[in-house]
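The numbers here are math on the coordinates, done by the rules we state, and not lab data. As the structure is a prediction and not an experimental result, all values here were calculated from the model.
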Amino acid sequence: MVLILNAIRYSVEICEISYIRLCRALSDLTENPNVEEYAFPEIYLESWSIVNNAVIFRNILEKHFEIDLRNKLFVEINKAKELRNTYQHIDERITEIFLKEDLPIFGSVSWFKRYPESDKAIFCSIYSGSFTNKQMQNVKFSNVIDENLNNEIQKIELSSIVRIQSKNGKKEFQKSIVHLSTLIYDLSEIINYIDTDMKLYYKNLDSTERHLSDFIIKLKGRQT
């Protein structure tokens, strides 16, 4: 059980760290007219990190806990799993769909930045890679309302292509959007439920002191 809980903790904390870094990067890119060399890859790094680790979290719960993955709290996480499957086979998807449709390989990311104490707001959308066959990409923003209207960066959405099985049994490709902001909120709520249940289940366990299982080893020496 300790190993399972550590895996849960790491997957969620990595999501949280990536989300903090992503919000910071999106805010900077919104304001800075001079885009730095690694600005876009940094955003995709953190976005896909959230997707990947959220799916790891989901898979651990599915295997080791009796949790209904059809619960509304898992809607975005389940969509993230589909997106992650495509991401893991991106080398195949390049020839199957991305090249044919001239789509951004790592997808597109959109967000909304609000300015407190004013009515000013900016919608932004970025696309990974360059395009050859289309002069202008369609820019669409969903009408999903962010759950936390006080956040400076809201409605962070990652869009890409997923492969699904249609009713006739054939494999088809379609666009899918994962609302990363909602996914992070859902993760937090799921963890609260798990924490509450654990306290009830282990109510006789003394939890006054908590110790992290992480450690570091340092060996001092000289290079010869």
Say the cut-off is 24 Å between C-alpha atoms; which of LYS63/LYS199; LYS79/LYS171; LYS81/LYS170; LYS79/LYS170; LYS81/LYS113; LYS155/LYS175 go over it? LYS81/LYS113
Quick one: what are the phi-derived ³J(HN,Hα) couplings along region 34-41, Karplus 6.51/-1.76/1.60 with θ = phi - 60°, whole Hz, x for glycine and proline? 9, 6, 6, 4, 9, 4, 5, x
Length gained if PHE65 through MET198 is fully extended, taking 0.36 nm per residue and subtracting the Cα-Cα distance, is 46.7 nm
